[in-house]
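Just below is one structure, and these are the notes that go with it.
What follows is calculated from the coordinates using simple rules that are stated; it is not laboratory data. As the structure is a computational prediction, the values presented were derived from the model and not from experiment. Note that we place each Cβ from the backbone using ideal geometry, even for glycine, and neighbour counts take in every protein chain shown.
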Amino acid sequence: MPRLFTEAKKRLREAASHMSVDPDVMEKLKYPKETLSASLLVRMDDGSRRCFKAWRCRYDDTRGPTKGGIRFHTNVRLEEIMTLAFWMTFKCAVANLPFGGAKGGVAVNASKLSKSELERLSRAYVKAFHSFIGPDRDIPAPDMYTNSMVMGWMEDEYSAIVDHPSPAVITGKPLELGGSEGRTDATGRGGYLVIRHLEKDFEIEPDKTSIIIQGFGNAGYNFACLMHADGYKIVGISDSRLAIYDTEGMDPHSVHNYKMKNGTLSGAPSNGTLKEMTNQELLIEACDILIPAALENQITADNASKIQARIVCELANGPVTPAADKILCENGTIVIPDILANSGGVIVSYFEWVQNKAGYYWSLAEVHSKLKERIEPEARTIWKISLEKNVDMRTAAYIHALERLSKAVTAHGTKAYFSS
Ligand code: NAD
């Protein structure tokens, strides 16, 4: 597998080849601004102590304090965190937020920890990184296997260290602790708004369009519910252990309730005959829209030519490799890139931060309408750039973000300015 960070930067170079970018800009975006590693020593319930590797990376803060989630996953490693921070830099620029990009993570299988161990690990993370993060410096949020309760513990730990309540240090908190209305389903809702806004351009209609969802967590589940409510047919769903598929469709609420009760997707309710398969088999089943909503590197040169979907919408970060992108593009598949498709999460995180700073809170209806107002024009612009420059939507999104980043970097002066 090609190295993730090297692959990610190919996207930047591809975008730069379609525009005029000052060399200072490319130089500034070459490496992360700063990265901190730590070992978190946590007391386990049986009295023993275990050490977990942890990282936080601030990629670029030219446009404002850095922003990005914290991931708890066994395979987390520094290169992945750097790459995710790089993507966050471009995602925040796509959404025109006054933020740079960051990411954090702990190499841990969180499902093997007790609730108390998880709390101690979350607090240990903040103890190790408290001087790296901050409401005006670097603002974490949830990511895979971290949720609003983890954010609440982290905010509490940070507030204890700085000795005053500091809700704006982290987003994705519970509502009662300064969270925002609408944050829970924001990532799925963002993807939903992008697809619905570009429906005519994509030549799709809700009641004639089928969807497969890989990963049935926060992003995938909420997206499925919104699309299902508007008449789209959810034909495939998977989690880390199993995939289910039914051409007659499924109600994502019922499937979710079933999984909550039984701990598995096996035997979930559907409208016809349910087939069970592996995650990889599900990706190449028949559908109109494929939603990777789990991990990176799921659609690669090995399976891209077998993808039947006409549209791939990346709710996960980095699920399609550059080699797969090329194959999908040649086959006429539209890929809605992660930095647009899943930007709803960071947009509502921004709203949460603004509300925390102002101490003035918005209604759910306000959050929904502000998200729509912000994401739809960016989706439209990216679609327009892709048509005008005859490039895929990912390149168009990078061009759009790079233009904003370039303006910010060059506002500090360039070689041309200083030598004139
Ligand atoms: P989550 O922890 O809520 O859910 C993850 C889901 O993926 C679970 O259903 C899990 O069973 C499944 N999964 C794990 N490994 C898998 C595998 N190998 N194959 C198939 N499924 C697998 O996580 P989430 O918050 O929904 O995040 C999912 C993706 O969306 C990640 O790439 C994340 O970076 C991205 N994302 C999330 C947000 C957010 O606000 N939650 C925002 C932007 C991007």
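Odds and ends about this structure:
- Cα gyration tensor shape for region 1-119, rounded if a/c is under 1.5, else prolate or oblate: prolate
- Translational diffusion of the chain was estimated from the Stokes-Einstein equation, with Rh taken as the Kirkwood radius over Cα pairs; at 4 °C and 1.567 mPa s the coefficient is 59 µm²/s.
- Relative contact order (%) - region 32-176, alpha-carbon pairs under 8 angstrom, separation at least six: 24 percent
- When the GluC sites (Glu not before Pro) in region 174-223 are filtered for DSSP coil states and for at most 13 other beta-carbon atoms within 10 Å of their beta-carbon, the remaining sites are E203.
- Restricting the trypsin sites (Lys or Arg not before Pro) of region 358-392 to loop positions (DSSP other than H, G, I, E, B) with no more than 16 neighbouring Cβ atoms within 10 Å leaves K389.
- In the chain, a dipole from Cβ-located charges (positive for Lys and Arg, negative for Asp and Glu) runs towards its positive end, and of I334, A294, Y59 it is Y59 whose Cα lies farthest in that direction.
- Cross-linked pairs K28/K370; K30/K112; K9/K91; K91/K261; K67/K259: Cα-Cα separations exceed 26 Å for K28/K370; K30/K112; K91/K261; K67/K259.
- By the helix-only formula, in which each DSSP H run with n ≥ 4 contributes -39500 (n - 2.57) and the sum is divided by residues, the chain has a 222 nm mean residue ellipticity of -13500 deg cm²/dmol.
- Contact order relative to length of the chain, as percent, for alpha carbon pairs under 8 angstrom and 6 or more apart: 17 percent
- Global geometry of region 180-420, whether rounded, prolate or oblate, following the gyration tensor of its Cα atoms and the 1.5 cut on a/c: oblate
- Those GluC sites (Glu not before Pro) in region 249-292 that DSSP places in a loop and that have at most 12 other beta carbons within 10 Å: none
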